Amino acid sequence: MHELSIAIQIAEIITEEAAKAEALTVTKVILEIGSLSGIEADAIELAVPEAFRNTICENAAVEYHYIKARAVCESCCNEFDPIDHYKICPFCNSLYTSFLKGKELNIKSFDIVKP
């Protein structure tokens, strides 16, 4: 389950940034996860509380924002919702397409309490 190692990295990043801000605690964390990021929703939602245990993030409320994939065809300029990483344009059958969103894994924000 690679989600646990990702969750641990998220906890480390937030802990480091919260320390720079001299925070006492982290109260809320918002994560953005793309549908084609390779992250399983159930697995990350189980892993994050474990990764946050015994850290400044331990009691933080966590919100998960799941982002649906979107791609654009470079031939006909139409946008479409790809089902997987193999993205053929449904309008002109071109292979010249690129993702606009859906592969992200971001710490969108986190709230802290300062002394």
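Every number here is computed from the coordinates shown, using simple stated rules; none is lab data. What you see is a predicted model, and the numbers here were worked out from it, not measured in a lab. Don't worry about glycine lacking a Cβ; one is built from the backbone with ideal geometry, like all the others, and counts go over all protein chains shown.
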Task: Relative contact order (percent, whole number), the chain, Cα cutoff 8 Å, 6+ residue spacing - done: 38
Task: Inter-label distance for residue 96 and residue 113, nm, one decimal - labels placed 7 Å from Cα along Cα-to-Cβ - done: 5.6
Task: Spatially proximal lysines relative to residue 20 (Cα-Cα < 18 Å; intrachain offsets below 8 disregarded) - done: 28, 108, 114
TODO: Please report, in Å, the Rg and the Dmax of region 1-69, where both are computed over Cα atoms only.
DONE: 12.0, 37
Open item on the list: Cut-off under 17 Å on the C-alpha distance; same-chain residues fewer than 8 positions from residue 87 excluded. Which lysines are left, in chain and number order?
Closed with: 68, 101, 103
Open item on the list: Using the basic label-point model (7 angstrom from Cα toward the beta carbon), what is the residue 78 to residue 17 distance in nanometres?
Closed with: 3.8
Open item on the list: Looking only at the chain, where both bridge partners belong to it, what percent of the DSSP beta bridges are antiparallel (to the nearest 5)?
Closed with: 65
Task: Largest-first ellipsoid semi-axes for the chain, taking √(5λ) over the Cα gyration tensor eigenvalues, angstrom - done: 36, 14, 10
Open item on the list: Tell me the angle of helix 41-52 to the major Cα principal axis of the chain, expressed in degrees between 0 and 90 and rounded to the nearest ten.
Closed with: 20
